[in-house]
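Enquirer: There's a structure below that I have some questions on.
The values are calculated or read from the model by the stated rules, or taken from the named source; none is laboratory data. Not measured: the values here are computed from a predicted model. A quick note on method: Cβ atoms are made from the backbone with ideal geometry, for glycine too, and the neighbour counts reach across all protein chains shown.
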Amino acid sequence: MKIAEESAKSDHRPIPYGRQEVTDSDIEAVAAVLRSDFLTQGALVPRFERAVAERVGAQHAVASNSATSSLHLACLALGVGPGDRVWTSPVTFVASANCARYCGADVDFVDIDPRSYNMSAVALADKLAIAKREGKLPKVVIPVHLAGQPADMETIHALGQKYGFSIIEDASHAIGGRYRDRPVGDCRYSDITVFSFHPVKIITTGEGGMAVTNDPALARRMARLNSHGITRDQAEMTSPSEGGWYYQQLELGYNYRLTELQAALGLSQLHRLDDYVARRHAIAARYDDLLRDLPVVVPWRDPRDYSGFHLYIIRLRLEEISRGHREVFERLRKAGILVNLHYIPVYRQPDFARFGFVRSDFPEAERYYAEAISIPLYPTLTDEQQQEVASAIRRAIT
Ligand SMILES: *Cc1c(COP(=O)(O)O)cnc(C)c1O
């Protein structure tokens with residue numbers, strides 16, 4: 001309420017940090033499903049799965065009602081259970097860690113790289129060497145492509161080969177991006193890659209997620225767990241069919257299914273994926289320019305990669321600014337620029353306190369948390385709005 005009032009004064013609508021674009025053709029596509037026979041479990045979800053798999057260069061895809069569900073399925077398919085360890089980045093949404101907790105596994109974090117803000121491969125190597133000595137190696141490691149910039153997958157994969165862990169890429173921010181000239185999602189350096197279709201992400205289905213893999217057994221397992229652990233495939237059954245009605249529940253699964261309405265929206269949005277990511281890059285390049293003379297660090301890009309650019313994260317050079325991080329953040333919100341902070345390091349969450357994490361074990365994540373601000377970035381952000389954001393940052397800092 002307060003934000004709306006403040007910004008009404010300046011005659012400007014607040015500018016969110018991210019938002020979806022829904023076109024008339026998206027609406028037509030969804031309306032057509034509403035007039036059809038199948039609102040769920042029809043032909044569009046498999047079509048959406050094939051389209052995404054093809055787009056990202058993976059063999060198989062399983063669509064779910066969120067990336068959180070997809071991450072849970074990925075952990076289950078890789079056999080994560082009680083007593084196992086799963087490591088991820090602390091600078092991520094809680095879902096990257098919760099997926100392991102759903103399986104009863106123990107979560108731990110690997111500090112971030114100070115330039116990419118992704119899981120540091122150096123910190124990972126150090127932590128693995130110690131874990132090996134203590135007999136506490138992880139079963140799965142989940143790098144997160146923060147803001148769309150791919151993590152150091154080649155190194156993380158090599159460590160996976162050396163220490164014997166599986167890899168899930170949390171690519172919730174990175175669909176449409178490339179790692180070393182290959183699409184994020186081709187799973188060259190991972191077992192499974194997960195995408196999110198939440199409205200602030202690159203393309204949306206309202207809520208939705210997808211897990212892609214090149215391993216047919218993992219794909220089958222995830223597809224089955226996505227729908228109660230049920231199979232209708234005779235080859236998977238433990239005994240002969242008892243008739244046309246027959247199916248078997250082979251393990252305890254969930255109802256994580258995406259609907260036909262959502263798949264129609266996703267298929268329609270997917271046509272614009274390349275345009276969206278290109279537009280995000282153009283906006284990012286203009287921000288680089290507009291913020292050039294300000295005491296902020298702009299996002300680093302690995303020149304070998306192509307970010308999905310879900311977020312444009314600045315870091316305040318606090319030693320050159322008379323105001324504090326929180327003050328700058330709140331001045332921006334008051335000015336109607338609905339900045340955000342991605343993310344509060346997950347080990348700081350009260351629900352993670354019982355695991356006894358120590359903040360000083362993650363010095364780079366702590367420094368990041370003290371300086372980072374995500375500023376508005378989405379395809380329909382206008383040049384005028386972008387100018388307004390840059391001016392507001394200038395005013396908030398000085
Ligand atoms: C958004 C997000 C998720 C969860 O996605 P949902 O589709 O909302 O469940 C997981 N990980 C990261 C890094 C995200 O940004």
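Enquirer: Which residues, taken from the range 363-384, are in contact with a strand residue (DSSP E or B) (Cβ under 7 Å, 6 or more places away or on another chain) and outside any loop (DSSP other than H, G, I, E, B)?
Expert: Within the range 363-384, GLU364, ALA365, TYR368, ALA372, ILE373, SER374, ILE375 meet the criteria.
Enquirer: Being outside the structural domain of ARG301 (by TED's automatic domain parsing), over 23 Å from PRO216 (Cβ atoms) and within 13 Å of the ligand (Cβ to nearest atom), is that true of even one residue in the range 174-191?
Expert: For the range 174-191, residues outside the structural domain of ARG301 (by TED's automatic domain parsing), over 23 Å from PRO216 (Cβ atoms) and within 13 Å of the ligand (Cβ to nearest atom): present.
Enquirer: For the range 160-173, name all the residues that are more than 16 Å from the ligand (Cβ to nearest atom) and buried (at least 16 other Cβ atoms within 10 Å of the Cβ).
Expert: Residues satisfying the conditions are GLY160, TYR163, PHE165, SER166.
Enquirer: Hey, any hits in the range 30-40 for a residue that's within 16 Å of the ligand (Cβ to nearest atom), of a type outside the set (D, E, K, R), touching a Leu at 6+ places or on another chain (Cβ under 9 Å) and in a loop (DSSP other than H, G, I, E, B)?
Expert: In the first step, residues of the range 30-40 are kept if they are within 16 Å of the ligand (Cβ to nearest atom); the result is none.
No; the residues of the range 30-40 include none that is within 16 Å of the ligand (Cβ to nearest atom), of a type outside the set (D, E, K, R), touching a Leu at 6+ places or on another chain (Cβ under 9 Å) and in a loop (DSSP other than H, G, I, E, B).
Enquirer: Could you tell me which residue of the range 195-224 is surrounded by the fewest Cβ atoms within 10 Å (Cβ to Cβ), considering only residues that are more than 16 Å from the ligand (Cβ to nearest atom) and aliphatic (A, V, I, L, M)?
Expert: Selected residue: ALA217.
Enquirer: Out of all the residues in the range 240-256, which are in a strand (DSSP E or B) and farther than 20 Å from THR40 by Cβ?
Expert: First, the residues of the range 240-256 that are in a strand (DSSP E or B): 248-249, 255.
Residue satisfying the conditions is GLN248 alone.
Enquirer: Test ARG133 against the stated conditions and say whether it is over 16 Å from the mean Cα position of the chain (by Cα) and either over 20 Å from ARG359 (Cα atoms) or among the acidic types (Asp, Glu) (or both).
Expert: yes
Enquirer: Would you pick out the residues in the range 195-209 that are part of a loop (DSSP other than H, G, I, E, B) and among the hydrophobic types (A, V, I, L, M, F, W, C)?
Expert: Restricting attention to the range 195-209, the residues satisfying the condition of being part of a loop (DSSP other than H, G, I, E, B) are 197-208.
Passing the criteria: PHE197, VAL200, ILE202, ILE203.
Condition check ((1) assigned to a strand (DSSP E or B); (2) among the aliphatic types (A, V, I, L, M)) across all residues:
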| site | (1), (2) |
| --- | --- |
| ALA211 | yes, yes |
| LEU218 | no, yes |
| ARG224 | no, no |
| THR238 | no, no |
| ASP274 | no, no |
